[in-house]
Amino acid sequence: QAQLVESGGGLVQPGGSLRLSCATSESIFSFYRMGWYRQVPGKQRELVADLITDDSTNYADSVKGRFTISRDRAKNTVYLQMNSLKSEDTAIYYCNTEPARAPFWGQGTQVTVSA
């Protein structure tokens, strides 16, 4: 049974925006640092953003200033707002704890940035 479920991906033009959602359980949401990861075929999965509190966030240099990670306590949901998307942002996006735990990997959500 998946404990982390990603959604919100899709096809968007360069310069566009998407908001990804990650629904999880309270037991995970409340006790772990949460992160968004992405993977392109043939490359290692990389951490793009993580959060433990609203004031404690980190971003990969490649997305800094364009992506924002946030959370909704009432919904046990973590979001990734992605603006000014570029073709190189095309990947499957996953959420997990940070550091990641193998049993928590879900199916991910595909983001494709293309004209």
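Using a 1.4 Å probe over the heavy atoms of the protein chains, calculate the carbon and sulfur portion of the accessible area of the chain as a whole percent.
Answer for the chain: carbon and sulfur cover 47 percent of the accessible area.
Okay, helix-only estimate at 222 nm for the chain: each DSSP H run of n ≥ 4 adds -39500 (n - 2.57), divide by all residues, round to 500 deg cm²/dmol; what do you get?
-500 deg cm²/dmol
DSSP loop (so not H, G, I, E, B), at most 13 other Cβ within 10 Å: list which chymotrypsin sites (Phe, Trp or Tyr not before Pro) in region 1-52 pass both filters. Show your work: numbers first, answer last.
On the way: sites: Phe29, Phe31, Tyr32, Trp36, Tyr37; in loops: Phe31, Tyr32.
Sparse-neighbourhood loop chymotrypsin sites (Phe, Trp or Tyr not before Pro): Phe31.
Check cross-link reach from Lys75 to the aspartates and glutamates: straight Cα distance under 20 Å, and skip same-chain residues fewer than eight apart.
Correct list for Lys75: Glu6, Glu26, Asp50, Asp54, Asp55, Glu98.
Looking at the chain only, what percent of DSSP beta bridges run antiparallel? Nearest 5 please.
In the chain, DSSP labels about 90 percent of beta bridges as antiparallel.
Using Cα positions and a limit of under 19 Å, work out the lysines in reach of Lys64, with same-chain residues fewer than 8 apart set aside.
Result set, ordered by chain and number: Lys86.
Students often get this wrong: which residues of region 55-77 have the backbone nitrogen under 14 Å from the point 7 angstrom along Cα-to-C-beta of Tyr32?
77
The values are calculated or read from the model by the stated rules, or taken from the named source; none is laboratory data. The structure displayed is predicted, hence computed values, not measured ones. Glycine gets a Cβ as well: all are built from the backbone with ideal geometry, and neighbour counts include every protein chain shown. Note: areas computed on protein heavy atoms with side chains; ligands, DNA, RNA excluded. Shrake-Rupley method; radii C 1.70, N 1.55, O 1.52, S 1.80 Å.
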